[in-house]
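Report on the following structure.
No lab work stands behind these numbers, since they all come straight from the coordinates. Computed from a prediction, not measured in an experiment: that's the story for all the values here. We place every Cβ from the backbone using ideal geometry, glycine too, and count neighbours over all the protein chains shown.
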Amino acid sequence: MKIREIREMSTDELIKRIQEEEQNLVDLRFSHALKQLTNTAKLKLTRKDIARMKTVLAERQRNAQNNVNNNGVSK
């Protein structure tokens, strides 16, 4: 998943997608442990997608917090 696609998602969609991908990662790890996973690169790609989504989510939270802090400060 491209970062552009992730940034276009709403925050609720992003949270839901993170949960889905984390469950998918558990399933992939289980398949890998049972030697049923043929494409082990999916593990790496899924981990990286989750990291990208969590990074965008953290950026949004940080920006929201900065906006609240900046609006409350008088100059």
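Could you grab the relative contact order for the chain? Cα pairs under 8 Å, six or more apart, rounded to a whole percent.
Relative CO of the chain lands at 39 percent.
Give me the net charge for the shell around Leu14: Cβ to Cβ below 15 angstrom, other residues only, Lys and Arg +1, Asp and Glu -1.
0
For every helix of n ≥ 4 consecutive DSSP H residues, a contribution of -39,500 (n - 2.57) applies; sum these over the chain, divide by its total residues, and give [θ] at 222 nm rounded to the nearest 500 deg cm²/dmol.
Counting only the DSSP helices, I get -28000 deg cm²/dmol.
So what's the angle, to the nearest 10 degrees on a 0 to 90 scale, between helix 41-72 and the longest Cα principal axis of the chain?
10 degrees
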